[in-house]
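Notes follow once the structure below has been shown.
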Amino acid sequence: MLKNETNEDSIDGNPRSNKIHKPPPVIVRGVINYRELIKRVTHIDGDEQYCTKCLAYNATKVNCVTPETCRKKVRYCEENNILYCTG
């Protein structure tokens, strides 16, 4: 879209706003103690919101709300040699 074009589907005729994409989930592998993982994740972010889901083979998926939160989790995993992947 060009700068002066507007979204034809918009009711009020305002230009289309840029959509902020959700960050990919962080999948932590080799989780033996789920409560300890939650304690560490909460310690990293404090008040930030996140969702977790237990997966097969001792893995846990952590969904972050903001890209900054995702970066903090990835940095923490790298600094502490924790097996993880994003995807």
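The values are calculated or read from the model by the stated rules, or taken from the named source; none is laboratory data. It should be emphasised that the depicted structure is a prediction, and the values quoted were computed from it without experimental measurement. Note that we place each Cβ from the backbone using ideal geometry, even for glycine, and neighbour counts take in every protein chain shown.
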Subject >> Positions within the stretch 47-56 being in contact (Cβ under 8 Å) with a residue 12 or more places away in the chain and under 17 Å from residue 34 (Cα atoms), in sequence order >> reply: 50, 51, 52, 54, 55
Subject >> Selected residue (criterion: surrounded by the most Cβ atoms within 10 Å (Cβ to Cβ)) from residues of the stretch 65-85 that are over 18 Å from residue 32 (Cα atoms) and among the β-branched types (Val, Ile, Thr) >> reply: 69
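Just the residues that are of a type in the set (Gly, Ala, Ser) and modelled with pLDDT of 90 or more, please, taken from the stretch 39-87.
Result: 56, 59.
So that you can scan it fast, the table gives a plain yes or no per residue for (1) assigned to a helix (DSSP H, G or I); (2) among the basic types (Lys, Arg); (3) farther than 30 Å from residue 87 by Cα; (4) at pLDDT below 75:
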position	(1), (2), (3), (4)
1	no, no, no, yes
5	no, no, yes, yes
10	no, no, yes, yes
16	no, yes, no, yes
23	no, no, no, no
28	no, no, no, no
36	yes, no, no, no
Original post:
Does residue 62 meet the test of being in contact with a Pro (Cβ under 8 Å, 6 or more places away or on another chain) and surrounded by 15 or more Cβ atoms within 10 Å (Cβ to Cβ)?
Top reply: yes
Original post:
Within the stretch 52-59, can one find any residue that is part of a helix (DSSP H, G or I) and out of contact with any helix residue (DSSP H, G or I) (no Cβ under 8 Å at 6 or more places or on another chain)?
Top reply: no
**OP:** Return yes or no: is residue 44 part of a helix (DSSP H, G or I) and without any contact (Cβ under 8 Å) to a residue 40 or more places away in the chain?
**Re:** yes
